[in-house]
1. Order B:ARG272, B:ARG136, B:ARG232, B:ARG4, most accessible first, counting only protein heavy atoms with a 1.4 angstrom probe.
2. Whole angstrom only: what separates the Cα centroid of the stretch A:53-106 from the Cα centroid of the stretch B:128-174?
3. I'd like the carbon and sulfur percentage of the solvent accessible area for the protein assembly as shown, probe radius 1.4 Å, heavy atoms only, ligands and nucleic acids excluded.
4. Restricting the calculation to Cα positions, tell me the Rg (one decimal) and the Dmax (whole number) of the stretch B:144-183 in Å.
5. What value, in deg cm²/dmol to 500, does the helix sum -39500 (n - 2.57) over DSSP H runs of n ≥ 4 give at 222 nm once divided by the residues of chain A?
6. Pop out the ³J(HN,Hα) list for the stretch B:180-196 in order, Karplus 6.51 cos²θ - 1.76 cosθ + 1.60 with θ = phi - 60°, rounded to Hz; leave Gly and Pro as x.
7. At a Förster distance of 41 Å, what's the computed FRET efficiency of B:LEU179 paired with B:ASP218, Cβ-Cβ distance as r, to 0.05?
8. Lys/Arg Cβ at +1, Asp/Glu Cβ at -1, dipole of the protein assembly as shown taken about the Cα centre: which of A:LEU124, B:ILE228, B:THR193 is farthest positive-ward?
Amino acid sequence: MEKNNAKAWLYLIPAGIFLAVFMIYPLIDVFVYSMEESYNFASQTSRGTGLFNFSYILHDTYFLQAVKNTALCVIITVPISTVLSLLIAFGLSSIKPLRNLFQTVFFLPYVTNTLAVGLVFMILFKKTPYTDGMVNLLLHFFHGPSIDFIDGPYWAKMMVLCIYVIWIVMPFKILILTSALASVDQNYYNAAKVDGTRGWRIFVRITLPMISPTVFYLIITGFIGAFKEYSDAVALFGTDLNAAKMNTIVGYIYDMLYGNGGGYPSYASAAAILLFAIILTITVINLMFSRRHVYY
Amino acid sequence: MKKRTAAKVITYILLILWALIVLFPFYWMILTSLKSYSAYNSEYVPTFFTLHPTLENYVNAFTQVPLGRYLFNTLIFTVITTVVMTIVAVLAAFAFARLKFRGKNIVFGLFLSLMMLPNELVVITNFATITNAGLRNSFPGLILPSVMSVFYVYLLKENFEMVPDNLYLASKVDGTSDLKYLLRVLVPICRPTIITIIILKVIECWNSYVWPRLITDDPDYYLVSNGIQELRENGFGRENIPAMMAAVVVISVPLIVLFLMFRNKIMEGVLRGGTKG
């Protein structure tokens with residue numbers, strides 16, 4: 001037994017070293033950083049210990065802009081993508097021919113490089129002196145005005161970002177929901193059919209309650225994912241997100257750490273901890289809510 | 001009955017519409033990459049097809065900017081990270097699944113709780129660690145913090161536990177060592193799961209952007225994500241969109257091919273708990 005014991009730890013050593021150096025130590029260190037006021041990475045000096053870093057970022061207009069952008073992105077993309085993926089997954093599970101083909105196609109955005117395909121979206125939406133871009137042509141067709149979605153007004157930029165985020169997150173949601181729908185016990189449907197229940201009632205009374213745990217799971221992961229939104233924004237608007245007024249909380253963390261305004265890990269840590277607090281709060285609220293409304 | 005047909009038609013229209021939305025960007029990038037520079041810039045209204053496809057953009061993508069270098073870097077990064085991750089994860093999963101040791105449940109519980117940690121919390125110190133170790137702009141600096149994936153250890157452990165105990169006991173009777181049992185019996189039996197985590201890790205590595213961006217500012221060490229961002233900001237000259245699209249196609253193709261080859265494995269792996277990393 002004792003011999004076995006020592007051997008087991010031997011197998012865990014490689015994983016343990018990686019975790020200790022790159023996850024556990026950093027986890028403690030981030031709180032240390034967040035308390036070291038205005039710690040400068042280049043000069044390795046700080047002004048003292050305290051909560052100044054938090055107050056600094058909460059008064060930083062760039063941070064407030066980032067919070068606003070992120071919150072808007074969350075509020076817009078999570079409901080739309082959830083409802084849309086429900087519709088599509090429901091459609092998928094009600095057909096037989098071509099189902100595999102559709103599933104394959106719908107999953108494609110998952111395996112693409114966000115930065116690379118973001119460039120395609122940028123070109124579709126961008127207005128340059130040479131061309132108005134695809135999307136503007138579509139707007140012209142409906143007699144709309146041309147809008148520069150990439151360098152133009154705030155709402156237009158936000159719209160493009162949300163569209164791209166939804167395009168990226170849909171494959172995951174469709175996949176999860178389709179499999180949840182497939183696992184609903186067929187007997188419920190047969191019973192409903194015997195009772196002569198109508199289609200819409202079946203959906204509301206049987207399907208939705210049966211897959212509600214999955215839907216809640218998707219909402220939680222959707223919230224967390226959208227709060228961590230970053231590389232999609234870089235793909236569309238370039239690395240200088242502050243200048244484009246399209247920065248996100250995660251983007252703010254990285255800019256503080258490294259980049260034009262970088263070299264301040266203490267501010268970055270404070271922002272990261274606030275982000276973590278937000279995510280944790282939402283998860284807890286969601287869990288409390290779901291316990292009351294999910295039919296397991 | 002008529003109502004049912006109508007519902008079917010509406011369903012198909014909805015699905016086809018979404019398929020078009022998904023496919024259109026791919027179509028557009030391939031189409032644009034085949035248009036010549038002058039043809040593209042003379043189209044105020046972009047055309048939906050081209051009668052004179054050209055491969056000059058692909059030549060430009062490899063000759064005017066170091067796209068080949070970016071691809072090569074990404075390949076090295078992906079292969080080494082994935083190989084090291086697989087070895088580390090298999091060993092750890094074996095310890096959790098098969099061996100009995102005191103405090104196993106506590107260690108595993110702590111281990112699982114690490115899965116909840118957002119990457120943003122630990123990246124700050126990792127940045128400092130790697131910078132202070134002088135590993136900026138190097139492969140070890142890129143690879144080391146990217147290796148560990150708690151989730152894959154969990155997935156493997158679950159799979160290892162499904163293998164009947166009898167096999168382990170039999171091998172013990174035969175005097176086989178634990179390591180030999182792991183390599184000769186467990187790994188071959190659990191090959192499907194191991195392949196799944198390898199593919200998921202490859203996708204993650206190929207698309208990783210944030211860490212490489214933080215830790216490299218020398219284009220010699222750029223991965224494809226950083227390379228494409230660099231191309232966009234100072235590559236071909238800002239307006240050479242067709243060449244940029246050729247680079248985008250080159251970067252996207254390997255993963256799409258991988259997906260079409262291992263479609264079921266990838267979808268099953270994602271279903272079992274992967275999120276977009």
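1. B:ARG4, B:ARG272, B:ARG136, B:ARG232
2. Between the Cα centre of the stretch A:53-106 and that of the stretch B:128-174, the gap is 31 Å.
3. So the carbon and sulfur contribution to the accessible surface is 68 percent.
4. 13.6, 40
5. Values: 14 runs with 206 residues, N = 296.
It lands at -22500 deg cm²/dmol.
6. Going residue by residue, I get 5, 4, 4, 6, 8, 10, 5, 4, x, 5, 8, 3, x, 5, 4, 4, 4 Hz, with x marking Gly and Pro.
7. Working: r = 40 Å, r/R0 = 0.98.
Rounded to the nearest 0.05, the efficiency is 0.55.
8. In the protein assembly as shown, that residue is B:THR193.
The values are calculated or read from the model by the stated rules, or taken from the named source; none is laboratory data. Bear in mind the structure is a predicted one, so any value in this text is a computation, not a measurement. For neighbour counting, all protein chains shown are included, and Cβ atoms are generated from backbone atoms with ideal geometry for every residue, glycine included. These accessible areas exclude ligands, DNA and RNA; they are computed on the full protein's heavy atoms, side chains included. Shrake-Rupley method; radii C 1.70, N 1.55, O 1.52, S 1.80 Å.
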